[in-house]
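The values are calculated or read from the model by the stated rules, or taken from the named source; none is laboratory data. Everything numeric here is computed off the predicted structure, so don't read it as measured data. When we count neighbours, we look across all protein chains shown, and the Cβ atoms used for this are built from the backbone with ideal geometry, even at glycine.
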């Protein structure tokens with residue numbers, strides 16, 4: 001997962017090198033676009049009040065899944081982890097160097113962004129089931145009879161955002177590339193951990209998991225978008 | 001601004017954020033609950049002297065014996081701390097009308113062996129039965145043993161008729177007479193004639209007039225589920241004994257099981273025996289039955305149905321037998337095929353407070369309670385349901401007692417077999433109910449582990465007044481998920497506690513409880529490791545932790 005993110009980052013940075021050869025944009029314009037990245041895929045619309053100031057409204061949907069095998073107390077579990085998010089996101093954009101006399105095409109496209117997202121869905125789940133039957137003395141308990149352990153982490157919907165972006169890197173006359181890099185600050189997650197059948201009684205781990213996830217409040221955003229200038 | 005500075009800054013901040021989060025699985029410890037059993041049976045094993053029974057051998061028999069395990073899921077059965085804990089394979093469930101049945105043989109040196117029939121019905125998640133083992137070298141009042149020696153001929157046979165008579169002694173007024181005809185030869189378990197020169201005969205006689213004769217009865221109860229008749233058919237019933245004896249013989253070191261020809265045993269009856277067949281005190285000419293009860297199987301066999309006779313002025317019944325075991329004489333009343341269902345109403349046991357309630361079933365003689373037919377125990381909270389099975393088809397009294405033996409309720413049932421509906425049993429408030437509700441929460445932390453163990457097996461907790469004899473230990477209750485709440489304990493006096501889990505027994509002495517008690521077992525500061533043999537406890541804790549992967 002970690003390697004994948006850095007590969008994506010390298011790709012996005014590479015794209016930005018290509019795009020810096022483009023010219024800066026005009027004031028008072030409307031763009032519609034699509035985007036994809038760590039928040040999943042979505043659509044967006046932007047309005048530029050001037051060369052330097054604009055707003056952007058977007059919505060994204062993401063769903064990630066991963067499986068793993070973990071061993072606890074000598075028993076192996078298949079762990080299925082999923083994260084689902086969906087948000088409506090409004091950000092203001094300020095391009096401090098977007099002046100006609102600025103000689104750096106890169107700095108002309110650099111925007112400082114800030115805003116907030118309303119996550120109507122932001123939840124991570126993990127479900128573990130034993131991979132093998134359980135031996136207790138002379139008794140064999142079928143793995144299906146052991147049960148499952150289920151954990152969820154839910155966040156409050158409102159999350160402020162700050163970041164940097166590269167805007168209006170022209171590909172064709174009306175088509176341009178955007179790159180967003182920033183961070184949402186999330187609420188502390190609300191964690192639940194429950195087990196059923198013979199895995200009930202493991203609820204004491206909920207506090208431990210909650211402590212472990214306390215630091216999971218920074219949600220990085222890496223996003224690539226295409227905009228069409230109306 | 002140098003564009004590379006921006007790239008560097010962004011990469012650095014992202015990497016810091018991403019790697020700054022803790023491993024979400026750090027210190028997570030998922031455990032499988034070892035309390036896998038839904039149905040359990042506990043046999044409380046008492047000695048007639050109150051001494052603990054050690055080195056007992058336990059054997060399970062019967063149609064469902066293969067489905068029974070110990071608390072650790074093993075086929076190893078040990079009496080520990082006076083308890084034998086048995087559990088039904090969790091894949092098996094008793095069905096309505098088809099309970100799980102098996103029997104438990106317990107043998108120990110110097111004790112008469114016992115055979116305990118156990119029925120696990122669908123309603124009774126926790127079946128509790130008790131067994132009294134008789135120490136032949138330390139007989140309690142109401143038991144009498146006579147040991148005799150008979151010289152045998154060259155062919156291992158009696159050379160002349162031999163008569164062995166017991167005498168009244170030790171609270172036993174009835175006697176037994178054994179007549180061996182001349183030419184009687186003695187066989188071992190394989191049916192081989194034993195030729196050892198001399199024969200040792202041990203005759204145990206029990207006083208059956210006692211209300212609690214059931215405690216002495218082989219099988220732990222007066223209900224026999226399988227009685228073979230002379231025609232080979234089987235029946236079941238409740239036995240109301242007027243005489244009870246056990247005869248055993250050895251030739252050399254070989255235990256004798258049968259003979260080449262019948263011998264005659266004369267059982268003198270309880271002269272005041274109330275005959276339920278005539279509803280009057282037994283008299284000469286009454287019909288009576290003698291039954292042989294196998295020690296190793298839950299069945300009896302009709303040996304003889306005859307008339308009560310007078311021998312030397314005493315009422316008696318004669319039987320002829322070609323084998324040795326327990327013999328009893330008396331009347332047989334058929335057993336109910338339906339369970340007698342009860343539900344406890346006890347407002348003083350609300351809020352999940354539990355209380356061990358003992359029931360005793362008595363036959364009725366002249367409108368008063370007579371012989372104790374059965375006993376058992378329920379862990380009761382308000383609304384608890386339970387079943388009493390194999391009650392007789394005759395009138396019974398059923399009494400319910402609290403842990404101190406105070407009577408809480410009584411039922412007078414004309415015929416339990418005719419009642420199919422659930423009978424309400426309203427328990428009067430126990431005198432010990434004035435105690436506050438005491439909760440006890442126990443945590444266990446394994447050495448070298450940071451957190452307490454999250455899942456612990458269910459164990460049984462006993463208590464007694466501090467310093468009282470060990471024979472006075474009483475069941476406090478079942479500790480589930482290391483938690484128990486009870487109103488049996490006073491907060492103003494000290495108690496000794498005994499915890500039994502599988503083959504482990506631990507004692508804690510002289511503890512005064514408070515309303516809320518929480519403690520952690522471990523080797524750390526302010527943790528407890530026991531007041532008796534703390535070093536041993538620590539080793540035991542380490543061993544169990546290691547076994548369980550902590």
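Given the criterion surrounded by 14 or more Cβ atoms within 10 Å (Cβ to Cβ) and farther than 29 Å from residue B:207 by Cβ, identify the matching residue among B:420, B:434, B:386.
Selected residue: B:386, the only one of B:420, B:434, B:386 that is surrounded by 14 or more Cβ atoms within 10 Å (Cβ to Cβ) and farther than 29 Å from residue B:207 by Cβ.
Residue-wise test of (1) within 11 Å of another protein chain (Cβ to nearest Cβ); (2) farther than 25 Å from residue A:223 by Cα.
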| site | (1), (2) |
| --- | --- |
| A:51 | no, no |
| A:58 | no, no |
| A:62 | no, no |
| A:65 | no, no |
| A:68 | yes, yes |
| A:72 | yes, yes |
| A:87 | no, no |
| A:93 | no, no |
| A:106 | yes, no |
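Would you pick out the residues in the range A:197-219 that are in contact with a strand residue (DSSP E or B) (Cβ under 7 Å, 6 or more places away or on another chain) and more than 7 Å from every other protein chain (Cβ to nearest Cβ)?
Within the range A:197-219, A:203, A:206, A:210, A:217, A:219 meet the criteria.
Just for the range B:54-75: of the residues that are surrounded by fewer than 17 Cβ atoms within 10 Å (Cβ to Cβ), in contact with a strand residue (DSSP E or B) (Cβ under 7 Å, 6 or more places away or on another chain) and away from every other protein chain (no Cβ under 14 Å), which one is farthest from residue B:106 (Cα to Cα)?
B:63
With the structure loaded, tell me whether residue A:131 is under 30 Å from residue A:29 (Cβ atoms), at pLDDT 95 or above and either within 14 Å of chain B (Cβ to nearest Cβ) or surrounded by 22 or more Cβ atoms within 10 Å (Cβ to Cβ) (or both) or whether it fails that test.
Answer is no for this residue.
Examine the range A:84-96 for a residue that is farther than 29 Å from residue A:30 by Cβ, modelled with pLDDT under 95 and assigned to a strand (DSSP E or B), and state whether such a residue exists. Step through it out loud before you land on a result.
Of all residues in the range A:84-96, those farther than 29 Å from residue A:30 by Cβ come to A:84.
Adding the requirement that they be modelled with pLDDT under 95 leaves A:84.
Next cut, assigned to a strand (DSSP E or B) only: A:84.
Yes, the range A:84-96 contains a residue that is farther than 29 Å from residue A:30 by Cβ, modelled with pLDDT under 95 and assigned to a strand (DSSP E or B).
Could you tell me which residue of the range B:250-284 is modelled with the lowest pLDDT, considering only residues that are crowded, with 20+ Cβ neighbours inside 10 Å and outside any strand (DSSP E or B)?
B:276
Looking for whichever is in contact with a helix residue (DSSP H, G or I) (Cβ under 6 Å, 6 or more places away or on another chain) and not in a loop (DSSP other than H, G, I, E, B) here; the options are A:226, A:198, A:219. Which one fits?
The conditions single out A:198.
Determine whether residue A:121 is surrounded by fewer than 17 Cβ atoms within 10 Å (Cβ to Cβ) and out of contact with any helix residue (DSSP H, G or I) (no Cβ under 7 Å at 6 or more places or on another chain).
Yes.
Taking residue A:129 and the conditions (1) out of contact with any helix residue (DSSP H, G or I) (no Cβ under 8 Å at 6 or more places or on another chain); (2) in a strand (DSSP E or B), which numbered condition does it fall short on, given that it satisfies the others?
(1) is the only condition that residue A:129 fails.
The rows are residues; the columns are (1) at pLDDT 90 or above; (2) buried (at least 17 other Cβ atoms within 10 Å of the Cβ); (3) assigned to a loop (DSSP other than H, G, I, E, B); (4) assigned by TED's automatic domain parsing to the domain that holds residue B:82.
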{"position": "B:441", "(1), (2), (3), (4)": "no, no, no, no"}
{"position": "B:450", "(1), (2), (3), (4)": "no, no, yes, no"}
{"position": "B:467", "(1), (2), (3), (4)": "yes, no, yes, no"}
{"position": "B:475", "(1), (2), (3), (4)": "no, yes, no, no"}
{"position": "B:485", "(1), (2), (3), (4)": "no, no, no, no"}
{"position": "B:496", "(1), (2), (3), (4)": "no, yes, no, no"}
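Quick one: would you say residue B:88 is buried (at least 19 other Cβ atoms within 10 Å of the Cβ), within 14 Å of chain A (Cβ to nearest Cβ) and in contact (Cβ under 8 Å) with a residue 40 or more places away in the chain?
Criteria met by residue B:88.
Out of A:152, A:140, A:71, A:125, report the one residue that is touching a strand residue (DSSP E or B) at 6+ places or on another chain (Cβ under 9 Å), without any contact (Cβ under 8 Å) to a residue 12 or more places away in the chain and within 21 Å of residue A:206 (Cβ to Cβ). Walk me through it before giving the result.
Details: A:152 fails: without any contact (Cβ under 8 Å) to a residue 12 or more places away in the chain; A:140 fails: within 21 Å of residue A:206 (Cβ to Cβ); A:125 fails: without any contact (Cβ under 8 Å) to a residue 12 or more places away in the chain.
It is A:71.
Being modelled with pLDDT under 90 and not in a strand (DSSP E or B) is the filter here; which residues of the range B:80-98 pass it?
B:81, B:82, B:96, B:97
So, residue B:60, is that one in a strand (DSSP E or B), within 30 Å of residue A:131 (Cα to Cα) and at pLDDT 90 or above or not? First the steps, then the outcome.
Numbers: in a strand (DSSP E or B): yes; within 30 Å of residue A:131 (Cα to Cα): no; at pLDDT 90 or above: yes.
Answer is no for this residue.
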